[in-house]
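Reading through the C-alpha cells given below for one structure.
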Amino acid sequence: EAQKRANAAAARRDTLEEAVGAAVEEILARLEKARLRAEDVRNQVRQNQDERTRLLVRVAVAMKDIERRAEDLKRTTDEREMAIASLRKIAATRLLSVAVPESDDGEPSGWSVTRAVEVARAIEAALAQVDIEDAAWERNQRGIHQHIQQLNETLRPYQYDPVTTMEDDILVVTVPYQGRSCTMAELRSALSDEVANRQALLNAREREVIENHLIGEVATHLHDRLHHAEGLVRDMNAELMARPTSSGMTLRFIWEPIEDDGSAGLADARKRLLGAGGTWSPAEREALGAFLQQQIQAVRAANEGGTWPEHLAKALDYRAWHRFIVERQQDGQWKRLTRRTHGTGSGGEKAFMLTIPLFAAAAAHYRSADRLAPRPILLDEAFAGIDRPSRGECMGLLRAFDLDFVMTSEHEWGCYATLPGVAIYHLSARPGIDAVGVTRWVWNGKQRIRDHQELPTPYPPATLTQRESAGENGNGRGKL
C-alpha cells in the first residue's frame, strides 16, 4: 500500500512538473489519458489474479497426480526388482539353458536391469508356443514326480544319486558328479565327454588288438572258416545237382555277402580273407583292420550293455555277413527262388523247393558237431503234395546229408529204396477204448517187416488227447 501511494505521489509530481506552463486543455487530456490507463491497469490486475487462482488449482491437481504416479513408479519398480530377483534365482539353478540355450549369459547375480529385461524378453520369445494355462501347469505338476522316480531308477544302478530341491516353486534335480553338483544337462554333457574320451581310448586299444591279433590269428581262422563254408556249399550243391526231380527241376545254393545290409567294404574284406593271408600288403592289412573295427563298433552300438568278448564274438561271426539264395534251373537258366518264381511250380515242386534247402541247411549246421553225435530233425507231414518218386528222392537226400529224422504222417511209411533202413511205429485207436495200439515195423531197404520185439511201456491213457485216441480221420491211424 505504501508503494502504491508513493507511486501515485511520484506520478502526480511528474504530472505537475510537466504541466507547468501547459494549457488547461492539454492538462485535462493528459489527466483523462492517465485515468484510462489506470483503469486498464486495474482490469489487467483483476485478470492476473483470476489466472493466478486458476494456476494454483492446476498446480494442486498436478501435485496430486505426481504423488500418485510416484507411488505407481515405486510399486512397479519393486515388482520389477522382485521379478528380476526371481529370474536370477531361476537362472542360478542352471535350468534356463535347458529351455532356452541362448539365454546363458554369465553369472546371473551380475545382470544389470537392462540385461535382465533382455533375457526375460528372449525367454518369452523362445517359449511363445508353450502352453501356460493353469491346466497345463497342473498336468505337468502331476507328472513331474513320475519323471523323477524314473530318473532315480535309471541313475542309481550306476551309483548316481539324484538330489531334488524346490527353488521358487520349481523342482530342481541335480546329481553329484566328480565333486560338484550337476544339472541333468551338465551331467549329459559331462558323460558325453567321458564317453568320447573312453571311446577314443577304446578305439586306440581296439586298433592295437586288431593289428596285433585279429589280422593275424583271427583273420587266418576266418580264412579257414570261409573256405570251409564254401566247401560246404559246393558239397550241398553237388548233392542237389545229383538229384533232380522227375520233371527235371534242379536246385542250388548261392552263398553271397549281404551287400545291401552289410558294412561298407565287406566285399573287399571277404576277398582278402579268402585270399592268401601271408601276402597282404600294408595297405590291405590296414583296410582289413578298418573293416573289422567297423564291425566291432556296429555291434557295440547295437548292444552297449554287452561285454567285450560278446561284441567280438558277434562282430567276427562271418555267417552274419552272408545270406543264402536258392536258385532253380528253369528253361536252361538259373533263376532266384522268390515268391513269384515259387508260385510258377506245381504243388510237388513247391513243396520240394521249400523242403530240400532246409535239409541242406540242417546238414551244414551239424557239420560242427562230433562225428558220432546225433543229427536229428523233426518232420511233420514234410512231403505233403510231393509225388511218390520225388518223395523217394527227398528221402535219399536225408540219407546223403546223414541226417537222423523223426517223421509223423497220416499216410507216409517211408519205405523207399533210397533208404537202407527205417523204424516205423504204427498207432491204432478205436472209439470208446482209452488205449492206443502200437505196432512196430522195420524197412530194411527192400521190404517192410513186422517187428515183434518187446515194445517200451506206453504212456498211460490219461496222457493221450482225444484227437490221438480217436484218430484224425477215423481210420485208426493217429499222430505220435
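For this structure, a couple of remarks:
- Spin-label pair R35-A11: with each label point 7 Å from Cα along the Cα-Cβ axis, the two points sit 1.3 nm from one another.
- Summing Lys and Arg as +1 and Asp and Glu as -1 over all other residues whose Cβ lies under 15 Å from the Cβ of R46 gives a net charge of -1.
- Between A238 and N197, the C-beta separation translates, for a Förster distance of 51 Å, into a calculated FRET efficiency of about 0.40.
- Our estimate of slack between L358 and Y425, defined as 0.36 nm per intervening residue step minus the Cα-Cα distance, is 21.6 nm.
- Annotation: M166 carries an accessible surface of approximately 120 Å², with a 1.4 Å probe and no ligand, DNA or RNA atoms counted.
- Inter-label distance, E256 to A70: 9.3 nm, where each label sits 7 Å from its Cα along the C-beta direction.
- Surface share of carbon and sulfur [accessible, 1.4 angstrom probe, percent] for the range 127-178: 49 percent
- Relative packing of peptides 372-383, 288-299 - highest average C-beta neighbours within 10 Å first: 288-299, 372-383
- Remark: the Cα gyration tensor places the range 367-410 in the oblate category, a/c being 1.5 or greater and a/b not exceeding b/c.
- Approximating the spin labels as points 7 Å out from Cα along Cα→Cβ, the S409-to-A298 distance works out to 4.2 nm.
- FRET efficiency, D224 to D268 (Cβ-Cβ, R0 22 Å, nearest 0.05): 0.70
The values are calculated or read from the model by the stated rules, or taken from the named source; none is laboratory data. Owing to the predicted nature of the structure, the values given are computational and were not obtained by experimental measurement. Backbone-built Cβ (ideal geometry, glycine too); neighbour counts: all protein chains shown. Protein only, heavy atoms only, side chains kept; ligands, DNA and RNA dropped before computing areas. Shrake-Rupley method; radii C 1.70, N 1.55, O 1.52, S 1.80 Å.
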